[in-house]
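Note sheet for the following structure.
The values are calculated or read from the model by the stated rules, or taken from the named source; none is laboratory data. Keep in mind that what you see is a predicted model, and the values were worked out from it rather than measured. Virtual Cβ from ideal backbone geometry, glycine too; neighbours counted across all protein chains shown.
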Amino acid sequence: MTIEVRPATADDAAGLVPLIAAMGYEVTAAEVERRIRELPAGDAVLVAVDEGRVCGWCHVYRSHSLIVGQRAEIAGLAVDPGHQGGGVGGALLRHAEEWAAGNGIEVVHLRSGSERGAAHEFYRKQGYSSVKTQLALSKRLRPAGSPS
């Protein structure tokens, strides 16, 4: 198996849908394509490709806050079940770390759902350590000007 890791393009959208769905998020190829096109300048979405087929992806971006300063954040990483354990996830993570280092960033941060034990073990094997446990909260807002 020869895996190529490269920047994602809008043409990769259909291949990303099942990988995102496996993480528990329902999206369409059109939504993924739009999101790739709308990424802020400087974000990187990487795909792992095996024989022309997307088998993994990773989204990394620069984050800056008053609390922790600058760091890179992994917004998502997933590997097709048939390719797990074959080095695809590690290759994607290394490319994301190289992107961070190439952008002068010294810390890579990620979040992983509490139910994803296998992912936690994978990240620990890659040199990541747990820094805290937290509750994630969100609120859906109505766009400005929409009827109440």
Worksheet item: Of the residues that sit in the range 16-55 and are within 26 Å of GLY87 (Cβ to Cβ) and among the small types (Gly, Ala, Ser), which one is surrounded by the fewest Cβ atoms within 10 Å (Cβ to Cβ)?
Response: GLY52
Worksheet, complete the sentence: Exactly one of GLY87, GLY117 is more than 19 Å from VAL45 (Cβ to Cβ), touching a residue at least 24 places away in the same chain (Cβ under 8 Å) and not charged (D, E, K, R), and that one is GLY87
Worksheet item: Out of the residues in the range 114-137 that are of a type in the set (Gly, Ala, Ser) and closer than 18 Å to ASP80 by Cα, which is nearest to the chain's Cα centre (by Cα)?
Response: ALA119
Item to complete: Residues that are at pLDDT 95 or above and in contact with a strand residue (DSSP E or B) (Cβ under 6 Å, 6 or more places away or on another chain): find the helices (runs of 4 or more DSSP H) completely inside the range 26-130 holding 3 or more of those.
Response: 88-102
Discussion item. Condition first: touching a Ser or Thr at 6+ places or on another chain (Cβ under 6 Å), over 17 Å from ILE20 (Cβ atoms), among the charged types (D, E, K, R) and surrounded by 13 or more Cβ atoms within 10 Å (Cβ to Cβ). Can you find one or more residues in the range 57-71 that meet it?
Written reply: yes
Practice prompt. Could you pull out the residue among GLN126, GLN134 that is polar (S, T, N, Q) and either surrounded by 10 or more Cβ atoms within 10 Å (Cβ to Cβ) or closer than 25 Å to ASP12 by Cβ (or both)?
Written response: GLN126
Practice prompt. Identify, by number, the condition in (1) surrounded by 14 or more Cβ atoms within 10 Å (Cβ to Cβ); (2) within 20 Å of ASP12 (Cα to Cα) that ALA119 doesn't meet.
Written response: (2)
Fill in: Members of the range 1-15 found to be surrounded by 16 or more Cβ atoms within 10 Å (Cβ to Cβ) and in contact with an Asp or Glu (Cβ under 6 Å, 6 or more places away or on another chain), listed by number
ILE3, ALA13
Discussion item. For the range 98-113: of the residues being among the small types (Gly, Ala, Ser) and surrounded by 10 or more Cβ atoms within 10 Å (Cβ to Cβ), which is farthest from ARG71 (Cα to Cα)?
Written reply: GLY113
